[in-house]
1. Going by what's in this entry, would S5 be described as modelled with pLDDT of 70 or more, touching a Phe, Trp or Tyr at 6+ places or on another chain (Cβ under 9 Å) and either part of a strand (DSSP E or B) or open to solvent by 60 Å² or more (accessible area, probe 1.4 Å) (or both)?
2. Do you know which residues across region 44-80 are touching a helix residue (DSSP H, G or I) at 6+ places or on another chain (Cβ under 6 Å) and modelled with pLDDT under 75?
3. Provide a single number: the residues in region 83-99 that are open to solvent by less than 60 Å² (accessible area, probe 1.4 Å) and in a loop (DSSP other than H, G, I, E, B).
4. Please state which one of V146, V134 is open to solvent by 70 Å² or more (accessible area, probe 1.4 Å) and closer than 25 Å to I23 by Cα.
5. Pull out all pairs, ordered by first then second residue, where Cβ-Cβ is under 7 Å, the residues are six or more apart or on different chains, the first lies in region 125-138 and is of a type in the set (A, V, I, L, M, F, W, C), and the second is assigned to a strand (DSSP E or B).
6. Evaluate the following for K107: is it assigned to a loop (DSSP other than H, G, I, E, B) and either open to solvent by 40 Å² or more (accessible area, probe 1.4 Å) or among the polar types (S, T, N, Q) (or both)?
Amino acid sequence: MDQISIRPLEEKDLETVFNLTQINKHHLQEYGEFHNEHKCSKDFYEYLLQIYGDFDTLKYRRWSIMFNENIIGQIGLHTFVIREGQLNAEIFYFIDQNHQGKGYVTKALQLLEIQAYEILDLDRLLIYARTDNVGSQKVGLKRGFVKIVKITIF
């Protein structure tokens, strides 16, 4: 049986994750999730360190989506904000095009929720999905997220 799991991003994964973004760059660019300036995994690693500060922080905010022990995507948390006394974080995810539409991101999100609520003690998780990214919207809805507002970006 196919097994989906998540595990914290490890330094040894960076080359695989970088290659995955390169293979899927046209798809990721469609939704604005691709940073084209990365020319190699070292650039990608330096970019991640700019965002997260150090690798210990990074590994608790970014997980690899595993399919039968192979990395097929990433899921994670960013933009931690306290609003009305609650600690909120935004969720991001991407998955290799060959694995889309099979419920793998939905399962990964379920596993991330355990990390977020039980281990990191977050109060609320948010997903921002473009209106034309129906698949991403479905992931959140299947996990019980509620559509709150439609934002138009110019």
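1. Working: modelled with pLDDT of 70 or more: yes; touching a Phe, Trp or Tyr at 6+ places or on another chain (Cβ under 9 Å): yes; either part of a strand (DSSP E or B) or open to solvent by 60 Å² or more (accessible area, probe 1.4 Å) (or both): yes.
Against the criterion (modelled with pLDDT of 70 or more, touching a Phe, Trp or Tyr at 6+ places or on another chain (Cβ under 9 Å) and either part of a strand (DSSP E or B) or open to solvent by 60 Å² or more (accessible area, probe 1.4 Å) (or both)), S5 qualifies.
2. Answer for region 44-80, where residues must be touching a helix residue (DSSP H, G or I) at 6+ places or on another chain (Cβ under 6 Å) and modelled with pLDDT under 75: F44, Y45, L48, Y52, L58.
3. 1
4. V134
5. Every condition considered, the pairs that remain are L125/A89; L125/I91; L126/N88; L126/E90; L126/I91; I127/I91.
6. Numbers: assigned to a loop (DSSP other than H, G, I, E, B): no; either open to solvent by 40 Å² or more (accessible area, probe 1.4 Å) or among the polar types (S, T, N, Q) (or both): yes.
Against the criterion (assigned to a loop (DSSP other than H, G, I, E, B) and either open to solvent by 40 Å² or more (accessible area, probe 1.4 Å) or among the polar types (S, T, N, Q) (or both)), K107 does not qualify.
The values are calculated or read from the model by the stated rules, or taken from the named source; none is laboratory data. This is a predicted model, so every value here is computed, not measured. Quick reminder, even Gly has a Cβ in these numbers, built from the backbone with ideal geometry, and neighbours come from all protein chains shown. Calculation scope for accessible area: heavy atoms of the full protein, side chains included, ligands and nucleic acids excluded. Shrake-Rupley method; radii C 1.70, N 1.55, O 1.52, S 1.80 Å.
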